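A quick write-up on the structure given underneath.
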There are 2 protein chains.
Amino acid sequence: MTHEQAFTELETLLGPRFSRAMAERDLHGRNETWFPLTLPDAVAFPETTEEVSAILRICHAHDVPVTPWGAASSLEGHALAIKGGVSLDMTRMDQIVEVRPEDMLVVVQPGVTREALNTDLRATGLFFPVDPGANASLGGMAATRASGTTTVRYGSMRDNVLALEVVLADGAVIRTGSRAAKSAAGYDLTALMLGSEGTLGIITELTLRLHGQPEAISAAVCAFDSLEAAVEAVQMTIQMGIPMARIEFVDEQVARVFNAANGTELPEKPHLMVEFHGSDASTAEDAERFGAVVEEMGGAGFAWAKTPEERNRLWKMRHGAYPACLASRPGCMGLVTDICVPISRLAEAVAETRADIVAEGLVGPILGHVGDGNFHAILVLDRDTPQELDRAKWVASRLAERALRMGGTVTGEHGVGMGKRKYMEAEHGPGWQVMGAIKSALDPKGILNPGKLVP
Amino acid sequence: MTHEQAFTELETLLGPRFSRAMAERDLHGRNETWFPLTLPDAVAFPETTEEVSAILRICHAHDVPVTPWGAASSLEGHALAIKGGVSLDMTRMDQIVEVRPEDMLVVVQPGVTREALNTDLRATGLFFPVDPGANASLGGMAATRASGTTTVRYGSMRDNVLALEVVLADGAVIRTGSRAAKSAAGYDLTALMLGSEGTLGIITELTLRLHGQPEAISAAVCAFDSLEAAVEAVQMTIQMGIPMARIEFVDEQVARVFNAANGTELPEKPHLMVEFHGSDASTAEDAERFGAVVEEMGGAGFAWAKTPEERNRLWKMRHGAYPACLASRPGCMGLVTDICVPISRLAEAVAETRADIVAEGLVGPILGHVGDGNFHAILVLDRDTPQELDRAKWVASRLAERALRMGGTVTGEHGVGMGKRKYMEAEHGPGWQVMGAIKSALDPKGILNPGKLVP
């Protein structure tokens with residue numbers, strides 16, 4: 001069998017860093033949500049671009065599927081090798097290659113996690129802002145075009161990746177972008193690779209844009225009587241041009257989960273969690289203007305996190321929302337939705353989603369990056385009650401249809417993977433075939449993360 | 001001849017809006033810089049997406065090249081039909097389709113110019129920020145991934161186009177992106193089309209991100225003793241996180257040209273022109289902090305433009321730099337370079353470029369979007385001395401080599417067109433072949449703007 005021949009060659013290439021052991025296959029067959037265990041045939045652990053290139057040359061010659069693996073924090077089953085073949089574990093490529101504070105950029109390998117990078121950068125006065133919550137790998141964040149709590153201010157991976165090194169399906173190595181802040185030199189291959197989820201190439205190096213650590217930060221949490229009031233406060237804040245660094249919505253169920261998980265005493269109401277970055281004077285002004293908006297919208301319990309410790313507690317609580325929601329119903333698994341709509345439709349979209357969840361009798365706290373119009377329902381499902389998963393999928397399909405009807409997208413930040421592929425045609429129409437044509441042009445044998453994203 | 005058959009069909013389709021008259025061909029064979037007159041065989045003036053689609057179906061069937069035409073403000077000969085065929089004049093598709101202030105977005109046809117859009121938006125309190133200086137069409141700005149004076153704050157077209165409607169080579173119509181602020185739903189076809197210069201499809205509609213008109217604006221111009229001091233002031237400003245809305249560099253020769261063209265009395269020294277956007281308090285604070293930087297770097301003659309009229313005069317002067325430079329040497333034509341480098345290399349890049357220009361005995365004022373590391377030499381060339389054009393091309397090739405050596409790009413914002421195609425392989429290596437593969441996949445007959453950008 002031709003796969004066997006490839007595996008023999010890979011073993012020769014990588015030695016003990018190529019494994020067919022069940023323990024490794026099992027580890028690389030798992031995911032964070034409801035997708036069932038999906039075993040790859042083998043796992044490869046490259047340490048250099050040259051090794052990634054050699055692996056792909058071998059797999060290309062023998063038609064062996066290759067599915068890249070990062071920090072395994074994906075929520076849509078991106079990293080599962082659903083056609084078998086090799087799980088390409090990038091975690092050993094975890095070096096920070098070069099820090100250039102004078103150019104506000106850093107060069108990293110794809111296995112570096114965002115927390116590791118920011119820890120390393122601490123002394124420079126700079127930081128990398130994209131924050132999806134999970135301690136994802138930067139390669140995985142690029143591959144899924146990740147965003148998160150700070151995107152309203154600093155943008156997503158789309159805005160913060162300057163250049164990439166990518167190994168193509170046949171092992172060829174290309175470099176996209178440059179170290180310049182912008183370029184008009186031809187097709188934006190960097191942007192094409194961002195969000196391609198390993199279906200067009202394997203990212204082996206990233207040049208990332210850094211930002212100055214703000215001189216002053218202020219953060220607060222405040223409660224509203226209704227979802228609509230909270231969302232309207234966000235809209236007013238945006239329209240007034242108050243520069244938010246973060247503005248997060250959590251509903252009353254998330255507030256309850258937070259209280260249970262963190263010992264806080266938030267009122268069981270919808271909340272906004274906000275943060276402002278700037279100088280002492282500007283953050284004070286921002287906070288004052290935002291306070292006026294909150295007051296106008298009937299917000300209450302406006303509590304400022306004044307010290308770094310208080311702020312860290314606030315965002316740690318927010319980042320821990322997914323595990324805390326899962327823990328609120330022991331033994332359950334999650335299905336997390338991810339639509340993003342124009343902000344004028346956000347309150348309506350959340351309200352309709354809540355109604356669907358209630359109608360189906362599901363547990364589904366809602367939270368989101370409300371400044372971007374992006375929100376998640378965390379559907380907490382009993383593993384032993386398959387009807388719950390069916391009903392959750394139905395709620396998710398209604399959400400997708402709702403997002404498209406409102407002019408939005410079925411995935412704001414989690415990506416397509418296995419979970420959203422069925423909505424691609426509805427979202428993109430004939431554009432989905434264009435994606436397929438690009439895929440065929442760059443990976444004619446279809447060995448890169450097969451079964452995902454494209455037709 | 002098969003072109004004749006196509007032209008007969010196009011005449012039937014468009015009536016008087018299809019022209020083979022020499023006057024129209026001549027008008028659509030001209031450009032803003034040194035490229036010689038290049039006549040298309042015919043000019044088509046579509047008014048709807050359906051007409052663009054029908055035109056492409058006809059041209060596709062008969063292998064007739066189609067080269068889109070916007071406001072003709074391109075500096076790299078993008079819109080010249082170098083393989084003949086049809087010049088597709090998009091200027092009649094100039095409707096603002098929908099303004100949605102509540103979602104901070106607008107939908108426009110490609111022939112709308114940026115000034116027309118901003119005039120229309122005035123009452124909404126919103127504006128479209130991308131400002132390349134020329135009153136370009138928004139379709140052309142998207143096709144060349146334009147940027148300009150405000151990119152340091154608001155980004156380029158890459159950051160401000162949410163969605164596109166595009167007619168492909170065979171006449172198929174696709175929609176890319178959505179009205180949501182972000183998306184992770186598959187390949188970023190919007191980004192792929194931005195900067196594709198009409199080689200992958202014809203943009204027939206754009207959904208653009210708007211920004212709130214700042215409550216307060218302050219602008220200033222100040223002189224420095226040296227290029228290095230001016231650039232260092234910019235670097236310090238960036239590192240301090242002072243949020244500039246614009247920061248432009250002009251050299252002593254541009255200062256002289258400004259004085260001659262506008263009756264100003266700027267010292268004949270390098271200058272920075274800056275603008276801050278925000279609240280009264282924040283712009284005052286920004287100005288004060290920037291003033292301290294300027295003082296530290298020995299800047300002088302720090303003059304604030306306090307009224308809107310003074311500010312408008314300042315930026316009108318800046319936007320008029322290209323015609324003013326040309327007018328400084330009557331009867332001349334321009335060759336404008338456009339490299340973008342990491343900011344730490346900017347002073348060196350400008351100094352080396354100046355030395356090349358002096359060594360070649362050319363007239364070449366230098367100015368640029370210094371916050372992005374992007375600068376232009378406006379080489380002002382005698383039409384009747386061909387050696388000047390040869391020497392200018394040599395200076396330009398040295399600039400391209402310099403940009404790449406410094407980790408930058410051969411074009412920060414003007415695009416590839418005819419002028420930069422020869423540097424594409426050096427900049428992108430095997431990535432240029434990937435661009436070619438994408439081109440072949442989407443336009444196998446090669447009818448869209450042939451001879452530009454790709455191999």
- Message: Yes or no: the stretch B:187-198 includes at least one residue that is in contact with a His (Cβ under 9 Å, 6 or more places away or on another chain), part of a helix (DSSP H, G or I), modelled with pLDDT of 95 or more and closer than 27 Å to A:Gln433 by Cβ.
- Response: yes
Within the stretch B:185-202, residues being facing chain A (nearest Cβ under 8 Å), in contact with a strand residue (DSSP E or B) (Cβ under 8 Å, 6 or more places away or on another chain) and small (Gly, Ala, Ser) number 1
Picked from the stretch A:405-433 (must be assigned to a helix (DSSP H, G or I) and in contact with a Phe, Trp or Tyr (Cβ under 8 Å, 6 or more places away or on another chain)), the residue farthest from the other protein chains (Cβ to nearest Cβ) is A:Glu425
**Prompt:** For the stretch A:111-124, does any single residue satisfy the condition of being of a type in the set (Ser, Thr, Tyr), surrounded by fewer than 20 Cβ atoms within 10 Å (Cβ to Cβ) and touching a helix residue (DSSP H, G or I) at 6+ places or on another chain (Cβ under 9 Å)?
**Reply:** yes
Apart from one, (1) free of Cβ contacts under 8 Å to residues at least 60 places away in the same chain; (2) part of a loop (DSSP other than H, G, I, E, B); (3) of a type in the set (Asp, Glu) all hold for B:Glu401; the odd one out is (2)
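Rundown of residues vs (1) more than 25 Å from B:Phe127 (Cα to Cα); (2) not hydrophobic (A, V, I, L, M, F, W, C); (3) not assigned by TED's automatic domain parsing to the domain that holds A:Val152, yes/no style:
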residue: A:Asp251; (1), (2), (3): yes, yes, yes
residue: A:Glu285; (1), (2), (3): no, yes, yes
residue: A:Phe302; (1), (2), (3): yes, no, yes
residue: A:Pro308; (1), (2), (3): yes, yes, yes
Next item on the list: Go through the residues of the stretch B:439-455 one by one and say whether even a single one is within 12 Å of chain A (Cβ to nearest Cβ), in a helix (DSSP H, G or I) and touching a Pro at 6+ places or on another chain (Cβ under 9 Å).
Entry: yes
Every listed condition ((1) loosely packed, with under 15 Cβ neighbours inside 10 Å; (2) in contact with a strand residue (DSSP E or B) (Cβ under 7 Å, 6 or more places away or on another chain); (3) not assigned by TED's automatic domain parsing to the domain that holds A:Cys222) holds for A:Val350 save (1)
Given (1) free of Cβ contacts under 8 Å to residues at least 40 places away in the same chain; (2) closer than 28 Å to A:Ile58 by Cα, A:Ala123 misses just (2)
Of B:Val166, B:Val130, the only residue that is touching a helix residue (DSSP H, G or I) at 6+ places or on another chain (Cβ under 8 Å), farther than 29 Å from B:Arg313 by Cβ and of a type in the set (A, V, I, L, M) is B:Val166
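Which ones in the stretch A:285-304 are aliphatic (A, V, I, L, M) and either out of contact with any Phe, Trp or Tyr (no Cβ under 9 Å at 6 or more places or on another chain) or away from chain B (no Cβ under 14 Å) (or both)? Walk me through it before giving the result.
Applying the first criterion (aliphatic (A, V, I, L, M)) to the stretch A:285-304 yields A:287, A:292-294, A:297, A:300, A:303.
If the condition is that a residue be aliphatic (A, V, I, L, M) and either out of contact with any Phe, Trp or Tyr (no Cβ under 9 Å at 6 or more places or on another chain) or away from chain B (no Cβ under 14 Å) (or both), then A:Ala292, A:Val293, A:Val294, A:Met297, A:Ala300, A:Ala303 are the ones that fit.
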Inspect all residues belonging to the stretch B:75-97 and state whether any of them is in a strand (DSSP E or B) and within 14 Å of chain A (Cβ to nearest Cβ).
-> yes
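A quick yes/no check of all residues on (1) at pLDDT 95 or above; (2) more than 28 Å from the chain's Cα centre (by Cα); (3) farther than 25 Å from B:His319 by Cβ:
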site: B:Glu252; (1), (2), (3): yes, no, no
site: B:Val257; (1), (2), (3): yes, no, no
site: B:Gly263; (1), (2), (3): no, no, no
site: B:Gly278; (1), (2), (3): no, no, no
site: B:Glu285; (1), (2), (3): no, yes, yes
site: B:Arg289; (1), (2), (3): no, yes, yes
site: B:Ala292; (1), (2), (3): no, yes, yes
site: B:Phe302; (1), (2), (3): no, yes, no
site: B:Ala305; (1), (2), (3): no, no, no
Of (1) in contact (Cβ under 8 Å) with a residue 40 or more places away in the chain; (2) away from chain B (no Cβ under 14 Å), A:Asn118 fails just (1)
Cβ pairs under 7 Å, 6+ apart or interchain, first in the stretch A:374-398 and more than 14 Å from chain B (Cβ to nearest Cβ), second part of a helix (DSSP H, G or I) and crowded, with 24+ Cβ neighbours inside 10 Å, ordered by first then second residue, are A:Ile378/A:Cys325; A:Leu379/A:Ala392; A:Val380/A:Cys325; A:Leu381/A:Ala392
Taking first residues from the stretch A:288-306 that are of a type in the set (Lys, Arg) and second residues anywhere that are not in a loop (DSSP other than H, G, I, E, B), the pairs with Cβ under 9 Å that are 6 or more apart or on different chains are A:Arg289/A:Thr237; A:Lys306/A:Ser218; A:Lys306/A:Ala219
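Would you mind stating whether B:Asp356 is over 21 Å from the mean Cα position of the chain (by Cα), modelled with pLDDT of 95 or more and within 19 Å of B:Gly198 (Cβ to Cβ)? Don't jump to the end; show me each part of the working.
Details: over 21 Å from the mean Cα position of the chain (by Cα): yes; modelled with pLDDT of 95 or more: yes; within 19 Å of B:Gly198 (Cβ to Cβ): no.
No; evaluated as a whole, the condition is false for this residue.
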Within the stretch A:149-175, residues being closer than 28 Å to B:Ala180 by Cβ and either out of contact with any Gly (no Cβ under 6 Å at 6 or more places or on another chain) or in the same structural domain as A:Glu47 (by TED's automatic domain parsing) (or both) number 13
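Quick check on A:Ala327: is it on the phi < 0 side of the Ramachandran plot and not assigned by TED's automatic domain parsing to the domain that holds A:Gly419? Full working, then the answer.
Values: on the phi < 0 side of the Ramachandran plot: yes; not assigned by TED's automatic domain parsing to the domain that holds A:Gly419: no.
When the stated conditions are applied, A:Ala327 does not pass them.
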Report yes if B:Leu381 is under 25 Å from B:Val64 (Cα atoms), at pLDDT 95 or above, surrounded by 22 or more Cβ atoms within 10 Å (Cβ to Cβ) and not aromatic (Phe, Trp, Tyr), otherwise no.
no
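Could you please give the count of residues in the stretch B:408-434 that are under 21 Å from the mean Cα position of the chain (by Cα) and over 19 Å from B:Leu88 (Cβ atoms)? Talk me through it step by step, then tell me what you get.
As a first pass, look at the stretch B:408-434 and keep what is under 21 Å from the mean Cα position of the chain (by Cα): B:408-424, B:427-428.
Narrowing further to those that are over 19 Å from B:Leu88 (Cβ atoms): B:408-414, B:419-424, B:427-428.
Count: 15.
In the stretch A:322-359, what residues are charged (D, E, K, R) and touching a residue at least 60 places away in the same chain (Cβ under 8 Å)?
A:Asp338, A:Arg345, A:Arg354
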Expected single match for part of a helix (DSSP H, G or I) and more than 12 Å from every other protein chain (Cβ to nearest Cβ) among A:Glu205, A:Glu228, A:Glu232 is A:Glu228
Across (1) closer than 22 Å to B:Ala72 by Cα; (2) in a loop (DSSP other than H, G, I, E, B), B:Leu389 clears everything bar (2)
In the set B:Pro65, B:Pro129, B:Pro110, the lone residue that is touching a Leu at 6+ places or on another chain (Cβ under 7 Å) and either modelled with pLDDT of 95 or more or not assigned by TED's automatic domain parsing to the domain that holds B:Thr204 (or both) is B:Pro110
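So which residues in the stretch A:159-178 are at the interface with chain B (Cβ under 8 Å from one of its Cβ atoms) and buried (at least 24 other Cβ atoms within 10 Å of the Cβ)? Steps first, please.
Going residue by residue through the stretch A:159-178, those that are at the interface with chain B (Cβ under 8 Å from one of its Cβ atoms) are A:159, A:168, A:172-176, A:178.
Across the stretch A:159-178, the qualifying residues are A:Thr176, A:Ser178.
The values are calculated or read from the model by the stated rules, or taken from the named source; none is laboratory data. These numbers were taken from a predicted model, which means no experiment stands behind them. Cβ sites come from the backbone with ideal geometry, for glycine too, and all protein chains shown count toward neighbours.
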